[in-house]
Amino acid sequence: MALSDIRDKWMEPATASKLEVRISPARNRRMMGSKGIGRFAAAKLGQRMALNSVSEREGTRTEILIPEIDWSIFTADRYLSDVKIDYLERQTDGPTGTLIEIMDLNETWSQTKMERLHLELRRLISPIMTGDAVSAFEVFLDLSACTEETCGFNGSAIVGGVNALAGEPVRIEPVPLLSACDYELAGHFDAEGKFRGTFQIRRGGQGPVDVELSIPLEKDEAPTGDVDVRLFIFDREADALKNNLRAAGLGDLTAGQARQILDSIAGVAIYRTGFRVRPYGDAENDWLTLDRRRVQDPSLRIGHNQIAGYVTVGDEKSSNLIERSSREGFEQNGAFVRLGRLITKLLARVVEPRRQQFREKAGLSRARSTTFDEVRQLTSLKSIREALGSLQPAELEVAEKLIDRQENLLSDKLGQLEERQRLLEASSSLGAILGEVLHEGSPPARYLAETAARLKSFYPDLFGVRGERFDKAKGEFDKKLPLMVTSGEKLANLFASLRPLSGGKRGAPETFNPVNVIHAARDIFSSSEVEFEVQNPEKITEVVGYKDDLATALVNLFGNAVHWLDDARVKDPHVLTTLSPGEGVVVFGIEDNGPGISREFVESIFDVGFTLKEGGTGLGLNIAREALARSGATLAYDLEHETGARFEIRFPSLVTGGKS
């Protein structure tokens, strides 16, 4: 710093010099900071400071020496211009740079604080280094004067530098990339929100595969410019974690030690111009709310302590990410909201479903839920009956009677469980459309309540003497009553469309018109911008089963289509339902013009807990398939369909002895 820099910029609070000039003249480095609080940081650490700076910014190489600044002189009631500071200015041939010495520290620096300082400095520097050797910014730390005798601890052991013993500063190395992880994602978002990169399941010995994802801008968001992303994800099982850290060169550790190390570096850090923006990446700063997501679905979602991530963003102008004046993170503006959504979408759409698939296939996670059809096959006790073939006739008769009683008992209990499951599924489906109920039902309900109260106040005036009050009351009734009728009809239609999902006792399978069920399910999403179309060229009007089973499935399928069409910002979103006859069944095709489902996920989409939605439950498609199974129907995804997603329901059109 030249004398003018020290006097007019560093010592002067809140100057705008770094906003006007963002590149350093000597080494072409991008300058950090812009708040003008440099001297306050020094004053916070100690009561006195000395400064020595060599610069050639003003034509000649000049050294500025300030032997001492006593910060107490600034506490008096005076203007900054009244404060006098002694300094020495002279020409020099020494190297450029600035040395600040802080004395009379305001607090004691214990071993714990020094270790924290060392870690903070390591995490300050991006492990993904950018720039050449000339522009690279290096940080050195000299703790060689900290000995057991002087400080009560060994400073050299903290920095781990071989030169520390000789009194030489140790260059701070960034925390290494933990590429010895279980899963790795690396790639780049462009300014339009299109991601291109690779995902690798290292734990499975798989190579990287190309992934692409496009995330349109939401209404409450602002563009973030280009964003580089590297995410290293870990399973926290003891053996896997110890093996990873051993491969990273950290030696043989206990499970507790391994988890402690991962905890210390876990989190998704944000870097700008080669330096970390605090506090993102701190152990206690879960800015992506990963732990909250994980609580909702621990078998699928990745927690804060399972990921070491590095996100690199551009400067304020290109990214719209504005640092707070306190230097504690970014302002919570639209760009920051978008940055968070970009990363969580990557996790939800790319990382987490693939990780869950791998863990299930490798037997590392809980097995998927068993279906009622699978349980019914077990209740037949087929293997036991086959084993009875060697018994004598009298013994065989006794055994078969015993098995028959047990089978009937199991079948009865299963029927009770299936009925209870049906009620739970109906409740879940209702939860899925609760937003639509509130959206469609709240305005007319509020109108009915408010208008009824208003008309009640006018009611006595209808029977009074004709005049101004009578005319006003009559006018209100004439105007409001038709609207109340309309609102009431709207609510009645809404509730009628929900009635098939409300549960109730089941009788024998019945013949019903599926087109009516399709229209009722479609009407639930009438407030969306999606166009629903039904094609029934064969004029099919009869299927055999239960209306609520078909309704439950259609509501889930329509709801999924609406979600993904909206998520992908599809132009002219469209859902087509077709009906065609099959052998003993009616084939329903439900297709949309959305992004479709990646082939690699198709085998998992019906599993409980598997979801590609951010905030999804992973229940919808499983509920739809289980509901249809109770009517003897099936649900499958059409792999041959090329545009968007297409599901196929095969629903009985003949009486097949369905369950009651």
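The values are calculated or read from the model by the stated rules, or taken from the named source; none is laboratory data. Keep in mind that what you see is a predicted model, and the values were worked out from it rather than measured. Note that each Cβ is placed from the backbone with ideal geometry, even for glycine, and that neighbours are counted across all protein chains shown. Side chains are part of the model used for accessible areas, which takes the heavy atoms of the whole protein and leaves out ligands, DNA and RNA. Shrake-Rupley method; radii C 1.70, N 1.55, O 1.52, S 1.80 Å.
Computed from label points 7 Å out along Cα-Cβ, the spacing between L105 and R324 is 2.7 nm. Carbon-plus-sulfur accessible fraction, segment 521-660 (probe radius 1.4 Å, protein heavy atoms only): 46%.
Summing charges over all other residues whose Cβ lies under 12 Å from the Cβ of K113, with Lys and Arg as +1 and Asp and Glu as -1, gives -2. Heavy atoms of the protein chains alone define the surface here; on that basis segment 528-659 has 43 Å² accessible area per residue at 1.4 Å probe size. So if R0 is 45 Å, what FRET efficiency would R90 and C151 give, r being the distance between their Cβ atoms, rounded to the nearest 0.05? Plugging the Cβ-Cβ distance into 1/(1 + (r/R0)^6) gives 0.80. Only protein atoms count toward the accessible area here, which uses a 1.4 Å probe; on segment 221-370, the carbon and sulfur part of that area reaches 47 percent.
The reciprocal of the average 1/r between distinct C-alpha atoms defines the Kirkwood hydrodynamic radius, which for segment 227-276 equals 12.2 Å.
Sorted by average packing, counted as other Cβ atoms within 10 angstrom per residue and highest first, what order do 92-100, 625-633, 224-232 take?
625-633, 224-232, 92-100
Using R0 = 22 Å, the C-beta based FRET efficiency linking N333 and N285 works out to 0.75.
Based on alpha-carbon atoms, the Kirkwood radius and the radius of gyration of segment 144-293 give Rg/Rh equal to 1.05.
Using the structure shown, select from K84/K113; K242/K613; K194/K219; K413/K613; K194/K571 the pairs with a Cα to Cα distance greater than 27 angstrom. Among K84/K113; K242/K613; K194/K219; K413/K613; K194/K571, the Cα-Cα distance tops 27 Å for K84/K113; K242/K613; K413/K613. Accessible surface of R171, taken over heavy atoms with a 1.4 Å probe and every protein chain present, rounds to 90 Å². Its alpha carbons give segment 213-325 an Rg and a Dmax of 16.3, 50 Å. Averaged over residues, the count of other Cβ atoms within 10 Å places the peptides 46-54, 477-485 in the sequence 46-54, 477-485, highest first.
For the pair K194 and A41, what calculated FRET efficiency results from E = 1/(1 + (r/R0)^6), where r is the Cβ-Cβ distance and R0 = 41 Å, to the nearest 0.05? E between A41 and K194, to the nearest 0.05, is 0.55. Simple spin-label estimate for E115 and E468 gives 8.4 nm between the two label positions (7 Å along the Cα-to-Cβ direction from each Cα).
In segment 568-660, with Lys and Arg counted as +1 and Asp and Glu as -1 at Cβ, which of these residues, A624, T611, L639, has the Cα nearest the positive end of the dipole, that is, farthest along it? Final value for the positive-end residue is A624.
Distant-in-sequence amide contacts of G46, defined by a placed amide H-H separation under 5 Å and a gap of 5 or more residues or a different chain, comprise N106. A cut-off under 14 angstrom between Cβ atoms defines the neighbours of F195, and their net charge, with Lys, Arg +1 and Asp, Glu -1, is +1.
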